[in-house]
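Please treat every number below as a calculation from the coordinates, not as lab data. Just so you know, these numbers come straight off a predicted model, no measurement behind them. We place every Cβ from the backbone using ideal geometry, glycine too, and count neighbours over all the protein chains shown.
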Amino acid sequence: MEDIKNTPKVNPYIVAMSVLLPSFLSLAASSATNVCQPNIAGYYGATQYEANTVITCYIISGGIMLPVTGYLVEAIGKKLLMYYSIWLFCIGCLLCILAPDLHSLIAARIVQGIGSGCILPLCQAILLEVFPKEQRGVAMSLFGVAAMFSPLAGPFLGGYLTDYFSWQWVFIINIPLCMLSFLLVKIFVPGDKPEKKGKIRKFDIVGYISIVIAMACMQIVLDKGQQYNWFDTPWICYLTGICIFSFVFFYVWELEYKNPVIDIRVFKDRNFLFGTICSSFINVMIYSTLLLVPMFVQSLLGYSPSMSGLTMFPRAIICFIGLLVVGEISKYVRARTLAIVGLTIMGVSILMLTRMNLTSSMDSIVLPNLLLCIGVPTAFVPITAMSFTTLPAAKNADAAALHALFKNVVTAVATAASSTFIARVSQVHQNYLVENLSYQSSMYQYKLMKLTSKFLIHYPEVVAAKKANGMLYKELLQQARLASFYDVFAVLAMMCIIIIPVLFLLKIKKFKKAK
């Protein structure tokens, strides 16, 4: 394929702006709908679990497009594929606005997800080609603006539009921005020629079907597992078995098949393999805290959805600034050193979250989040740059798609595991704490008598005693849930430190500066 760099040169920063806008839209479309999910459920008269499919179907449909990105690039070229992706995403947004019922909305979200699937790896591949090799740290910091900033900003923007307008505006706002994206790509992104018909590899329909089945089953299990008590339900077990078998079959088939749908052999490159693992762990930290912190402030501190979104928005701003700054710093500081510093900051910031309690102020919640989003770009930029350093340019499209697919799978598993961890571990803490609600405990008797005396002002003695006992039990449930948050934050902080030794397996390749 003709390399983008062989076409007339365009300022790489202008190209970056052109491809970052659609990438921002595609990622924000996923997290922005999280906050308006209750509104969607109420609008269509659906349950919470039914409305949750609006989110998961977008993730699934986007994920199944990742493996075919490399093949489509060979067939029609990067620029044309970006055209089609933006238009399909835009059509999906329009269909979401016009959807008369929930099933139509789900179908429209699938269309939107298919359009978004190729955008992010295309953005990464184009940035890697238009920037010189010695500026890959800058390229990946710009890519991080879309990959890291948009999921953080999405809930705030979605909440604002839903509160002050309606949930449909989450989709309406995308349409003019998609039009602008198309114009920017058409004008500024250099054209590239697809491979000649004889050189295009044969489409691997078997491999593609296997990964589609695997991802669909995985997302259904993760989405519905907690609702149906996981492996106590037979169909959850069957889907899990099909998912594992399909993933294994996909891996073996792609290694043995002559024309794989995605070149999984790029994992033979040591930097790409371990860099992808490290990047996936960073995604785990981002998305787990993005789920857990709002859950904490809403369920335990009583914050409204808009207030919880407000506590998270400063981290998006800091992450945005950090990604731009770290791109410049990466020119002067060794990539491995930056990554170690970033992971250490992330570990410390997540550990600070264990100091939150039921009387925490907004400052004590915002500060660790700000520190976390200083560490995220500090680690993300050098790790992502090192992941692609030793790969040939011809492998960038396949590698970017596989990189995104791997992170998608790991992030989905980690997000589901985090919410399940809170539910199950809080039950464990409850079993240990309930022994304190015993009449043999002098403290329990004192608290019970004190509360009962207060309720006696308004209720008879029997009712007052029951209400006092119920209030103490409610406090126990809150303390058990609080302890489960402490545990999950401690585990995430420990993971940040554990992943640091993996960085020493990455090679650092030096490039000569272009004259």
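Placing a label point 7 Å from the Cα of L437 along the Cα-to-Cβ direction, the residues of the range 448-475 with a backbone N closer than 13 Å are 448, 466-475. Once the chymotrypsin sites (Phe, Trp or Tyr not before Pro) in DSSP loops with at most 15 neighbouring Cβ atoms within 10 Å are cut out of the chain, the longest remaining piece is 1-164. Where does helix 102-117 land angle-wise versus the long Cα axis of the chain, in degrees 0 to 90, nearest 10? Roughly 50 degrees, rounded to the nearest 10. Could you tell me the distance between the Cα centroids of the range 434-466 and the range 224-238, to the nearest Å? Using only Cα atoms, the two centres lie 40 Å from each other. With the cut-off at 1.5 for a/c, could you classify the range 100-248 from its C-alpha gyration tensor as rounded, prolate or oblate? Because a/c hits 1.5 or more and a/b fails to exceed b/c, the range 100-248 counts as oblate. The number of Lys pairs in the range 1-202 with C-alpha atoms less than 20 Å apart, excluding pairs fewer than 8 positions apart on the same chain, is 24. Taking a ≥ b ≥ c as the square roots of the eigenvalues of the alpha-carbon gyration tensor, the range 394-471 is classed prolate because a/c is 1.5 or more and a/b outweighs b/c.
Using Cβ point charges alone (K and R +1, D and E -1), the dipole size of the chain about the Cα centre works out to roughly 1480 debye.
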